[in-house]
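Here's the structure we're looking at; comments come further down.
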Amino acid sequence: MDATKLVSVYIKMRDAKDALTREYEAKINEVKEQMELVEQALLEICKETGQDGGKTAYGTFSRTVKTRYWTNDWGSMYRFIKDNDAIQLLEQRVHQGNMKQFLTENPGLLPEGLNTDSKYSITVRRASK
């Protein structure tokens, strides 16, 4: 196989994929915007009628409260979690970059149950003009 030809084909395929993704995302965003307008109209119906939903010939709708939590002060949040023994407030995932750095700096320290998966990959960059 000729690497020059393979890289050329790869870049053309990646460009085509990117164009399709942009087209898809634009269409999805249009539909999302229209859905948001319908959702707002249904919320207004709930507000006007004092109900939390309704049933129609095409389906049902219900109004719910969704609450999100976040912090702008991670130092205080970590202290709060530690002081209140509330580790369950954090999501269960490992920060990939920080774990890699920690293991590089501490090669003899491995947390029990840590799993790793490494594999080779290829990065293709377009030639500069």
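The values are calculated or read from the model by the stated rules, or taken from the named source; none is laboratory data. As the structure is a prediction and not an experimental result, all values here were calculated from the model. Here the Cβ is made from the backbone with ideal geometry for all residues, glycine too, and neighbour counts use every protein chain on show.
The single condition from (1) of a type in the set (A, V, I, L, M, F, W, C); (2) more than 23 Å from the chain's Cα centre (by Cα); (3) surrounded by fewer than 10 Cβ atoms within 10 Å (Cβ to Cβ) that residue 81 fails is (3). For residue 38, the test of being surrounded by 10 or more Cβ atoms within 10 Å (Cβ to Cβ) and either over 26 Å from the mean Cα position of the chain (by Cα) or closer than 30 Å to residue 121 by Cβ (or both) is failed. Among the conditions (1) more than 30 Å from residue 91 (Cα to Cα); (2) at pLDDT 95 or above; (3) not aromatic (Phe, Trp, Tyr), residue 55 misses just one, which is (2). Evaluation of residue 57 against the conditions (1) among the aliphatic types (A, V, I, L, M); (2) within 30 Å of residue 3 (Cβ to Cβ); (3) exposed (fewer than 10 other Cβ atoms within 10 Å of the Cβ) shows that the sole unmet condition is (2).
Once region 111-129 is narrowed to residues that are at pLDDT 90 or above and of a type in the set (Lys, Arg), the residue that is farthest from residue 93 (Cα to Cα) is 125. Given the criteria in a helix (DSSP H, G or I), over 25 Å from the mean Cα position of the chain (by Cα) and loosely packed, with under 10 Cβ neighbours inside 10 Å, does residue 44 qualify? The answer is no for residue 44. The residues of region 69-99 that are of a type in the set (D, E, K, R) and modelled with pLDDT under 95, listed by number, are 91, 93. What do you reckon, is residue 99 over 30 Å from residue 46 (Cβ atoms), under 21 Å from the mean Cα position of the chain (by Cα) and surrounded by 10 or more Cβ atoms within 10 Å (Cβ to Cβ)? It is true that residue 99 is over 30 Å from residue 46 (Cβ atoms), under 21 Å from the mean Cα position of the chain (by Cα) and surrounded by 10 or more Cβ atoms within 10 Å (Cβ to Cβ). When 53, 108, 75 are checked against the criterion of being out of contact with any helix residue (DSSP H, G or I) (no Cβ under 6 Å at 6 or more places or on another chain) and at positive phi, 53 stands alone in meeting it. Condition check for residue 22 on (1) within 30 Å of residue 12 (Cβ to Cβ); (2) in a loop (DSSP other than H, G, I, E, B); (3) not acidic (Asp, Glu): one failure, at (2).
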